[in-house]
Amino acid sequence: MTLLVTRQRKHADEWALVLTSDGLSPSVRRELEGFVLSVPIYEAERAADVISAYERENREHASRPEPETPARGDPVTGLTVSAALLLFFWLTGPRNPAVTWFDRGSADAEQILSGELWRTVTALTLHADLGHALANALFGALFLGAVCGALGAGVGCALVLLSGAGGNLLNAFFHGSHHASVGASTAVFAAVGLLSGMAVARRRRQQSTGRPWWVPVGAGLALLAMLGTTGERVDLWAHLFGLLVGGVLGIPVGFALPRPPRPLVQWIFGSIAFATLLYCWGLALD
């Protein structure tokens, strides 16, 4: 008994395979109208049910969004940037207001509000002492590597730099004057914020029914409490503002970039980030 007719042989073979796997005895032959799938008459009703169930399952599967592959970290980029931070610390030495690097590059709130916006960027590359430099190199490699794994090296570095600078700018507005800070920790927590924001966007995009959307936010705040409030001369507000700017930026980025852009985009964003860093130090030392 004829069950189905199709113009495409692969469809007929696919249905025949489904019926065979269910213990039926289909056959496929070619006629003028196309490929005819037949079964013995006593199997017709059961075969129709099997094909109907198979097609329904395929439609449901097609309507479900494909699960996203978890992003892998990018340890090479993270370690490279961390090594550059340590090398720059070797060049500048520990914090000393009399040294030009710190006099012209620290995030002095009063000077930033007076128009020296380059300080929001240059301060991210300076460190008060070796302990702070080592800590930021360690955690920077971890969190920057995670961001770059999700967004690509160029886009990830550019967004971390932007978020870190934004955190320093908010910190300057908050303090107003008589406050100066240095350190990559603002950018480190900006990376944590980006990861949290992107995780929120991913949950909303996938309509996850598991843990609620605010769990990544809580995780970011927990990391701030564990890592950003201990030690001497810790600028908690800079850490908090870095986390905030990164988190706010991470949500639209997470929706817009479910996977890393192509290599050309990575090169463009990476070049912009590096040129921005050089340009800001050029203004500082001019």
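Each value in this text was obtained by applying a stated rule to the coordinates, not by laboratory testing. Please read all numbers here as calculations on a predicted model, not as lab measurements. Heads up, the Cβs are rebuilt from the backbone with ideal geometry, glycines too, and the neighbour counts pull from every protein chain shown.
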Inset, instruction - Using per-residue counts of other Cβ atoms within 10 Å, averaged over each peptide, order 143-151, 123-131, 168-176 from highest down. - result: 143-151, 123-131, 168-176
Legend entry - Per-peptide average of other Cβ atoms within 10 Å, ordering 234-241, 87-94, 132-139 highest first: 234-241, 132-139, 87-94
Legend entry - Least to most buried among 279, 54, 42 (fewest other Cβ within 10 Å first): 42, 279, 54
Legend entry - Cα-derived Rg to Rh of segment 114-188, Kirkwood definition: 1.00
Legend entry - q = 0.25, 0.26, 0.29 Å⁻¹, segment 2-63: log10 I(q)/I(0) [Debye, one scatterer per Cα]: -1.05, -1.10, -1.25
Inset, instruction - Sort 112, 41, 51, 272 so the one with the fewest other Cβ atoms within 10 Å of its own Cβ comes first. - result: 41, 272, 51, 112
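For segment 75-285, what's the relative contact order in percent, using C-alpha pairs closer than 8 Å and at least 6 residues apart?
Details: 367 pairs, mean separation 58.3, N = 211.
Taking the mean separation of contacting Cα pairs over the length of segment 75-285, I get 28 percent.
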Legend entry - Over segment 75-285, equivalent-ellipsoid semi-axes from the Cα gyration tensor in Å: 28, 19, 16
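Provide the gained length on full extension for the span residue 96 to residue 8, in nm with one decimal, where the gain is 0.36 nm per separating residue minus the Cα-Cα distance.
Value of the extension gain: 24.0 nm.
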Inset, instruction - Mind giving me the FRET efficiency for residue 262 and residue 204? R0 is 25 Å, r the Cβ-Cβ distance, nearest 0.05 is fine. - result: 0.50
Inset, instruction - Give me 181, 38, 52 ranked fewest to most by other Cβ atoms within 10 Å of their Cβ, as a rough exposure proxy. - result: 52, 38, 181
